[in-house]
Amino acid sequence: MPMETPAPSLQPGMTERAIDTATDVSRTMTELSDGLKAAVEQLSKAIAASRRPGGALATVSAITREAPLASVFIAFLLGVAVARRR
C-alpha cells in the first residue's frame with residue numbers, strides 16, 4: 001500500500017491566525033492610544049485657553065472665590081436638574 005503525503009494545507013494554522021489576531025489587536029490599540037492622546041491634547045488646550053483672563057473658567061474661578069457658598073448652592077441646583085432629566 002503506497003503512503004500518500006498529506007497535501008499542504010491552504011488554510012493558515014492556528015499559530016498564524018493567533019499571530020495575525022495579535023497584530024490586529026496591537027494596531028487597534030495603537031490607533032486608540034493615538035486618538036486618545038490627540039483628544040487629551042485638544043482638551044488641555046481648550047482648558048488652558050478658557051483659564052486666560054476673560055475666559056469661562058477664569059470667570060467661574062473668580063466668582064467661586066468671591067462667593068463660595070452661593071457657588072455651591074448653584075452647583076447643587078444644577079446637579080438636581082441634571083439628575084431629574086435622567
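Brief remarks follow.
- Heavy-atom accessible area per residue - the chain, 1.4 Å, Å²: 95 Å²
- Each residue of the chain gets 185 Å³ once the volume of the Cα convex hull is shared out per residue.
- Exposure rank, largest accessible area first [Leu57, Leu69; 1.4 Å]: Leu69, Leu57
- Under the Karplus curve 6.51 cos²θ - 1.76 cosθ + 1.60, θ = phi - 60°, whole-Hz ³J(HN,Hα) for segment 68-79, x wherever Gly or Pro sits: x, 5, 5, 5, 5, 4, 5, 4, 4, 4, 5, x
- Estimated at the nearest 10 Å², the accessible area of Glu66 is 150 Å² with a 1.4 Å probe.
- Surface composition of the chain: carbon plus sulfur atoms contribute 66% of the solvent-accessible area (1.4 Å probe, protein chains only, all chains present).
- Only helical runs count toward this figure. For the chain, summing -39,500 (n - 2.57) over DSSP H runs of n ≥ 4 and dividing by all residues gives -27000 deg cm²/dmol at 222 nm.
- In order along segment 57-67, the Karplus-derived 3J(HN,Hα) couplings, from 6.51 cos²θ - 1.76 cosθ + 1.60 at θ = phi - 60°, round to 5, 5, 5, 4, 4, 5, 5, 5, 5, 6, 9 Hz, and Gly and Pro are given as x.
- Applying 1/(1 + (r/R0)^6) with r as the Cβ-Cβ distance of Arg86 and Ala62 and R0 = 30 angstrom yields a FRET efficiency of 0.45.
- Acute angle (nearest 10 degrees) that the helix 14-50 long axis makes with the longest principal axis of the chain, alpha-carbon atoms: 20 degrees
The values are calculated or read from the model by the stated rules, or taken from the named source; none is laboratory data. None of these values were measured; they are calculated from a predicted model. Note that we place each Cβ from the backbone using ideal geometry, even for glycine, and neighbour counts take in every protein chain shown. Just the protein is used for accessible areas: all its heavy atoms, side chains included, with ligands, DNA and RNA removed. Shrake-Rupley method; radii C 1.70, N 1.55, O 1.52, S 1.80 Å.
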